[in-house]
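Below is one structure; the comments refer to it alone.
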(Lines give C-alpha, C1' and ligand atoms only; values in the text may rest on other atoms or scores of the structure.)
Protein backbone atom coordinates (compact mmCIF):
# COMPACT_ATOMS: atom_id res chain seq x y z
CA UNK A 1 0.00 0.00 0.00
CA UNK A 2 1.41 3.37 -1.06
CA UNK A 3 0.59 6.79 0.37
CA UNK A 4 -0.75 8.78 -2.59
CA UNK A 5 -1.61 12.47 -2.80
CA UNK A 6 -3.97 13.36 -5.64
CA UNK A 7 -4.91 16.94 -6.50
CA UNK A 8 -8.13 17.97 -8.20
CA UNK A 9 -10.20 15.08 -6.86
CA UNK A 10 -13.62 16.70 -6.95
CA UNK A 11 -14.59 15.68 -10.50
CA UNK A 12 -13.50 14.20 -13.81
CA UNK A 13 -10.22 12.30 -13.98
CA UNK A 14 -9.42 13.11 -10.36
CA UNK A 15 -12.58 11.67 -8.84
CA UNK A 16 -12.36 8.53 -10.96
CA UNK A 17 -8.67 8.08 -10.18
CA UNK A 18 -9.17 8.51 -6.44
CA UNK A 19 -11.62 5.61 -6.42
CA UNK A 20 -9.54 3.36 -8.68
CA UNK A 21 -6.43 3.79 -6.55
CA UNK A 22 -8.34 3.20 -3.33
CA UNK A 23 -9.93 0.08 -4.81
CA UNK A 24 -6.42 -1.14 -5.64
CA UNK A 25 -5.55 -1.03 -1.94
CA UNK A 26 -3.60 2.22 -1.75
CA UNK A 27 -4.02 4.94 0.85
CA UNK A 28 -5.35 7.92 -1.06
CA UNK A 29 -5.41 11.52 0.07
CA UNK A 30 -7.95 13.01 -2.32
CA UNK A 31 -7.40 16.76 -2.26
CA UNK A 32 -9.76 19.44 -3.50
CA UNK A 33 -10.79 23.01 -2.83
CA UNK A 34 -13.93 24.14 -1.01
CA UNK A 35 -14.58 20.94 0.94
CA UNK A 36 -16.92 22.93 3.19
CA UNK A 37 -18.48 24.88 0.33
CA UNK A 38 -19.04 24.09 -3.34
CA UNK A 39 -17.47 20.63 -3.10
CA UNK A 40 -18.95 19.68 0.27
CA UNK A 41 -21.42 17.20 -1.22
CA UNK A 42 -18.72 15.58 -3.37
CA UNK A 43 -16.36 15.30 -0.39
CA UNK A 44 -19.07 13.76 1.78
CA UNK A 45 -20.10 11.31 -0.94
CA UNK A 46 -16.49 10.23 -1.51
CA UNK A 47 -15.92 9.68 2.20
CA UNK A 48 -19.18 7.74 2.45
CA UNK A 49 -18.13 5.55 -0.48
CA UNK A 50 -14.74 4.88 1.12
CA UNK A 51 -16.32 4.01 4.46
CA UNK A 52 -18.93 1.72 2.94
CA UNK A 53 -16.22 -0.18 1.06
CA UNK A 54 -13.53 -0.13 3.77
CA UNK A 55 -11.11 1.75 1.53
CA UNK A 56 -8.22 3.87 2.78
CA UNK A 57 -9.28 7.23 1.39
CA UNK A 58 -9.35 10.65 3.03
CA UNK A 59 -10.50 13.97 1.63
CA UNK A 60 -8.14 16.88 2.27
CA UNK A 61 -8.74 20.58 1.69
CA UNK A 62 -6.03 21.91 -0.63
CA UNK A 63 -5.72 24.81 -3.06
CA UNK A 64 -2.68 24.40 -5.32
CA UNK A 65 -2.48 28.19 -5.81
CA UNK A 66 -1.95 28.87 -2.09
CA UNK A 67 1.35 28.38 -0.26
CA UNK A 68 -0.42 28.23 3.10
CA UNK A 69 -3.04 25.75 1.93
CA UNK A 70 -0.45 23.41 0.42
CA UNK A 71 1.80 23.63 3.48
CA UNK A 72 -1.05 22.91 5.87
CA UNK A 73 -2.33 19.98 3.80
CA UNK A 74 1.08 18.33 3.37
CA UNK A 75 1.90 18.73 7.06
CA UNK A 76 -1.42 17.13 7.99
CA UNK A 77 -0.92 14.25 5.57
CA UNK A 78 2.68 13.63 6.61
CA UNK A 79 1.67 13.31 10.26
CA UNK A 80 -0.85 10.63 9.32
CA UNK A 81 1.65 8.71 7.18
CA UNK A 82 4.60 8.94 9.53
CA UNK A 83 6.36 11.20 7.04
CA UNK A 84 6.12 8.75 4.13
CA UNK A 85 4.80 10.17 0.86
CA UNK A 86 5.16 7.71 -1.99
CA UNK A 87 3.29 9.27 -4.90
CA UNK A 88 2.11 12.74 -5.92
CA UNK A 89 -0.37 12.98 -8.78
CA UNK A 90 -0.73 16.50 -10.17
CA UNK A 91 -4.19 16.39 -11.67
CA UNK A 92 -5.71 19.74 -10.64
CA UNK A 93 -6.09 21.95 -13.67
CA UNK A 94 -8.06 24.64 -15.43
CA UNK A 95 -9.16 24.64 -19.07
CA UNK A 96 -10.60 27.10 -21.55
CA UNK A 97 -12.03 26.54 -25.01
CA UNK A 98 -12.38 29.88 -26.74
CA UNK A 99 -10.51 32.61 -28.55
CA UNK A 100 -7.34 33.68 -26.76
CA UNK A 101 -8.31 37.35 -26.91
CA UNK A 102 -11.49 36.77 -24.93
CA UNK A 103 -9.51 35.90 -21.79
CA UNK A 104 -8.00 38.76 -19.82
CA UNK A 105 -4.32 38.77 -18.91
CA UNK A 106 -5.39 38.13 -15.32
CA UNK A 107 -7.28 35.02 -16.42
CA UNK A 108 -4.27 33.77 -18.37
CA UNK A 109 -2.21 34.29 -15.23
CA UNK A 110 -4.81 32.39 -13.20
CA UNK A 111 -4.63 29.41 -15.55
CA UNK A 112 -0.84 29.32 -15.31
CA UNK A 113 -1.06 29.64 -11.52
CA UNK A 114 -3.15 26.46 -11.43
CA UNK A 115 -1.68 24.45 -14.32
CA UNK A 116 2.01 25.31 -13.93
CA UNK A 117 2.88 27.15 -10.71
CA UNK A 118 0.50 24.94 -8.73
CA UNK A 119 2.23 21.82 -10.05
CA UNK A 120 5.63 23.20 -9.10
CA UNK A 121 4.34 24.21 -5.67
CA UNK A 122 3.09 20.69 -5.01
CA UNK A 123 6.31 19.07 -6.20
CA UNK A 124 8.41 21.31 -3.97
CA UNK A 125 6.16 20.50 -1.02
CA UNK A 126 6.62 16.72 -1.27
CA UNK A 127 10.22 16.51 -2.44
CA UNK A 128 11.78 16.86 1.04
CA UNK A 129 9.95 13.67 2.08
CA UNK A 130 10.94 11.83 -1.09
CA UNK A 131 14.57 12.91 -0.77
CA UNK A 132 14.68 11.49 2.76
CA UNK A 133 13.20 8.24 1.49
CA UNK A 134 15.38 8.25 -1.65
CA UNK A 135 12.21 7.06 -3.30
CA UNK A 136 9.04 8.50 -4.78
CA UNK A 137 6.96 9.04 -7.89
CA UNK A 138 5.75 12.32 -9.37
CA UNK A 139 2.97 12.00 -11.97
CA UNK A 140 1.71 15.05 -13.83
CA UNK A 141 -1.29 15.13 -16.15
CA UNK A 142 -0.39 17.11 -19.24
CA UNK A 143 -2.17 16.95 -22.62
CA UNK A 144 -1.57 16.14 -26.27
CA UNK A 145 -2.11 19.87 -26.83
CA UNK A 146 1.33 20.41 -25.30
CA UNK A 147 2.67 18.93 -28.54
CA UNK A 148 -0.18 19.92 -30.87
CA UNK A 149 -1.59 23.34 -29.91
CA UNK A 150 -4.77 24.27 -31.77
CA UNK A 151 -6.94 27.35 -32.26
CA UNK A 152 -9.32 28.14 -29.35
CA UNK A 153 -7.18 26.16 -26.90
CA UNK A 154 -4.03 28.28 -27.06
CA UNK A 155 -3.82 29.45 -23.43
CA UNK A 156 -4.54 25.96 -22.11
CA UNK A 157 -2.10 24.33 -24.54
CA UNK A 158 0.68 26.75 -23.65
CA UNK A 159 0.22 26.00 -19.95
CA UNK A 160 0.48 22.28 -20.67
CA UNK A 161 3.59 22.80 -22.80
CA UNK A 162 5.10 24.67 -19.86
CA UNK A 163 4.28 21.92 -17.37
CA UNK A 164 5.69 19.33 -19.79
CA UNK A 165 8.99 21.23 -19.87
CA UNK A 166 8.99 21.67 -16.09
CA UNK A 167 8.31 17.99 -15.44
CA UNK A 168 10.92 16.88 -17.98
CA UNK A 169 13.51 19.02 -16.20
CA UNK A 170 12.55 17.44 -12.86
CA UNK A 171 12.87 14.00 -14.48
CA UNK A 172 16.56 14.56 -15.20
CA UNK A 173 17.30 16.42 -11.96
CA UNK A 174 15.77 13.70 -9.76
CA UNK A 175 16.79 10.62 -11.74
CA UNK A 176 19.90 9.97 -9.64
CA UNK A 177 18.02 10.59 -6.39
CA UNK A 178 15.74 7.57 -6.72
CA UNK A 179 12.67 9.66 -7.58
CA UNK A 180 10.75 8.87 -10.77
CA UNK A 181 8.88 11.46 -12.84
CA UNK A 182 6.17 10.52 -15.35
CA UNK A 183 4.09 12.76 -17.60
CA UNK A 184 0.69 11.53 -18.77
CA UNK A 185 -0.49 13.06 -22.05
CA UNK A 186 -4.21 12.32 -22.54
CA UNK A 187 -6.03 13.00 -25.76
CA UNK A 188 -9.56 14.40 -25.86
CA UNK A 189 -11.65 12.86 -23.08
CA UNK A 190 -15.15 14.25 -22.70
CA UNK A 191 -15.41 14.44 -18.92
CA UNK A 192 -18.34 16.35 -17.46
CA UNK A 193 -16.18 19.15 -16.04
CA UNK A 194 -14.22 20.33 -19.08
CA UNK A 195 -16.89 22.64 -20.50
CA UNK A 196 -19.08 23.23 -17.45
CA UNK A 197 -16.19 24.25 -15.18
CA UNK A 198 -14.12 26.25 -17.63
CA UNK A 199 -13.32 29.94 -17.14
CA UNK A 200 -15.93 32.54 -18.07
CA UNK A 201 -14.17 34.96 -20.45
CA UNK A 202 -13.91 38.56 -19.29
CA UNK A 203 -13.78 39.91 -22.84
CA UNK A 204 -16.38 37.93 -24.83
CA UNK A 205 -17.13 40.94 -27.03
CA UNK A 206 -13.78 40.40 -28.76
CA UNK A 207 -15.42 37.60 -30.76
CA UNK A 208 -17.18 40.14 -32.96
CA UNK A 209 -13.90 40.97 -34.70
CA UNK A 210 -13.33 37.38 -35.83
CA UNK A 211 -14.52 35.66 -39.00
CA UNK A 212 -17.46 33.29 -38.84
CA UNK A 213 -15.36 30.24 -39.66
CA UNK A 214 -13.33 30.65 -36.46
CA UNK A 215 -16.45 31.13 -34.33
CA UNK A 216 -17.93 28.02 -35.93
CA UNK A 217 -14.71 26.14 -35.18
CA UNK A 218 -14.87 27.18 -31.53
CA UNK A 219 -18.49 26.03 -31.25
CA UNK A 220 -17.61 22.71 -32.88
CA UNK A 221 -14.81 22.12 -30.37
CA UNK A 222 -17.13 22.96 -27.46
CA UNK A 223 -19.70 20.50 -28.79
CA UNK A 224 -17.01 17.84 -29.27
CA UNK A 225 -16.16 17.98 -25.57
CA UNK A 226 -19.75 17.38 -24.47
CA UNK A 227 -19.99 13.84 -23.00
CA UNK A 228 -21.92 11.27 -25.05
CA UNK A 229 -22.55 7.54 -24.74
CA UNK A 230 -19.71 6.91 -27.21
CA UNK A 231 -17.16 9.12 -25.41
CA UNK A 232 -13.88 7.48 -24.30
CA UNK A 233 -14.01 6.22 -20.74
CA UNK A 234 -11.99 8.46 -18.36
CA UNK A 235 -11.33 5.31 -16.37
CA UNK A 236 -8.62 4.62 -18.98
CA UNK A 237 -6.64 7.49 -17.47
CA UNK A 238 -7.04 6.16 -13.94
CA UNK A 239 -6.02 2.66 -15.03
CA UNK A 240 -2.91 4.06 -16.72
CA UNK A 241 -1.98 5.97 -13.56
CA UNK A 242 -2.35 2.79 -11.53
CA UNK A 243 -0.15 0.98 -14.06
CA UNK A 244 2.56 3.63 -13.64
CA UNK A 245 2.40 3.30 -9.86
CA UNK A 246 2.72 -0.48 -10.10
CA UNK A 247 5.64 -0.30 -12.55
CA UNK A 248 8.98 -1.00 -10.82
CA UNK A 249 11.09 1.98 -9.82
CA UNK A 250 13.44 3.12 -12.56
CA UNK A 251 11.38 1.48 -15.32
CA UNK A 252 8.62 4.07 -15.59
CA UNK A 253 8.49 6.00 -18.88
CA UNK A 254 8.93 9.76 -18.94
CA UNK A 255 5.90 10.17 -21.20
CA UNK A 256 2.77 8.07 -21.46
CA UNK A 257 0.44 8.94 -24.32
CA UNK A 258 -3.17 7.76 -24.13
CA UNK A 259 -6.30 8.37 -26.17
CA UNK A 260 -4.50 10.38 -28.86
CA UNK A 261 -6.01 8.45 -31.78
CA UNK A 262 -4.38 9.24 -35.12
CA UNK A 263 -1.92 11.58 -33.41
CA UNK A 264 -0.33 8.78 -31.37
CA UNK A 265 2.50 7.98 -33.77
CA UNK A 266 3.38 11.60 -34.53
CA UNK A 267 3.40 12.77 -30.91
CA UNK A 268 5.29 9.67 -29.76
CA UNK A 269 7.97 10.42 -32.35
CA UNK A 270 8.22 14.02 -31.14
CA UNK A 271 8.48 12.89 -27.52
CA UNK A 272 11.16 10.35 -28.33
CA UNK A 273 13.15 12.82 -30.42
CA UNK A 274 13.08 15.44 -27.67
CA UNK A 275 14.17 12.92 -25.04
CA UNK A 276 16.98 11.60 -27.25
CA UNK A 277 18.31 15.14 -27.72
CA UNK A 278 18.22 15.94 -24.00
CA UNK A 279 19.71 12.55 -23.10
CA UNK A 280 22.70 13.34 -25.31
CA UNK A 281 23.03 16.86 -23.95
CA UNK A 282 22.90 15.73 -20.31
CA UNK A 283 25.35 12.91 -21.01
CA UNK A 284 27.88 15.27 -22.60
CA UNK A 285 27.64 17.87 -19.84
CA UNK A 286 27.89 15.23 -17.10
CA UNK A 287 31.13 13.75 -18.46
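The values are calculated or read from the model by the stated rules, or taken from the named source; none is laboratory data. Model, not experiment: these values are computed from the prediction. Cβ atoms come from the backbone with ideal geometry, glycine included; neighbour counts cover every protein chain shown.
Report whether or not residue 87 is buried (at least 21 other Cβ atoms within 10 Å of the Cβ), touching a helix residue (DSSP H, G or I) at 6+ places or on another chain (Cβ under 8 Å) and under 19 Å from residue 241 (Cα atoms). So residue 87 passes the test. Of everything in segment 25-58 that is under 15 Å from residue 3 (Cβ atoms) and within 20 Å of the chain's Cα centre (by Cα), the residue that is surrounded by the fewest Cβ atoms within 10 Å (Cβ to Cβ) is 58. On inspection, residue 257 fails the criterion of being more than 18 Å from residue 165 (Cβ to Cβ), under 22 Å from the mean Cα position of the chain (by Cα) and either at pLDDT 90 or above or assigned to a helix (DSSP H, G or I) (or both). Within segment 35-56, being touching a residue at least 12 places away in the same chain (Cβ under 8 Å), under 23 Å from residue 72 (Cα atoms) and not in a helix (DSSP H, G or I) holds for 35, 36, 39, 56. Regarding residue 75, is this residue in contact with a helix residue (DSSP H, G or I) (Cβ under 6 Å, 6 or more places away or on another chain), farther than 22 Å from residue 185 by Cβ and surrounded by fewer than 20 Cβ atoms within 10 Å (Cβ to Cβ)? Spelling it out, it is not the case that residue 75 is in contact with a helix residue (DSSP H, G or I) (Cβ under 6 Å, 6 or more places away or on another chain), farther than 22 Å from residue 185 by Cβ and surrounded by fewer than 20 Cβ atoms within 10 Å (Cβ to Cβ). For segment 76-105, filtering for residues that are more than 17 Å from the chain's Cα centre (by Cα), part of a loop (DSSP other than H, G, I, E, B) and more than 20 Å from residue 132 (Cβ to Cβ) leaves 5. Applying the selection to segment 149-161, what residues are surrounded by 16 or more Cβ atoms within 10 Å (Cβ to Cβ), in contact (Cβ under 8 Å) with a residue 40 or more places away in the chain and outside any helix (DSSP H, G or I)? Across segment 149-161, the qualifying residues are 152, 153.
Only a single criterion out of (1) over 29 Å from residue 109 (Cα atoms); (2) modelled with pLDDT of 95 or more; (3) surrounded by fewer than 16 Cβ atoms within 10 Å (Cβ to Cβ) is not satisfied by residue 245, namely (3).
Would a scan of segment 184-203 turn up a residue that is modelled with pLDDT of 95 or more, surrounded by 11 or more Cβ atoms within 10 Å (Cβ to Cβ) and assigned to a strand (DSSP E or B)? Among the residues of segment 184-203, at least one is modelled with pLDDT of 95 or more, surrounded by 11 or more Cβ atoms within 10 Å (Cβ to Cβ) and assigned to a strand (DSSP E or B), which makes the answer yes. Residues that are under 28 Å from residue 266 (Cα atoms), in contact with a strand residue (DSSP E or B) (Cβ under 6 Å, 6 or more places away or on another chain) and not in a strand (DSSP E or B) within segment 106-142 comprise 119, 142, listed in sequence order. Of all residues in segment 57-64, none are in contact with a helix residue (DSSP H, G or I) (Cβ under 7 Å, 6 or more places away or on another chain), at negative phi and assigned to a helix (DSSP H, G or I).
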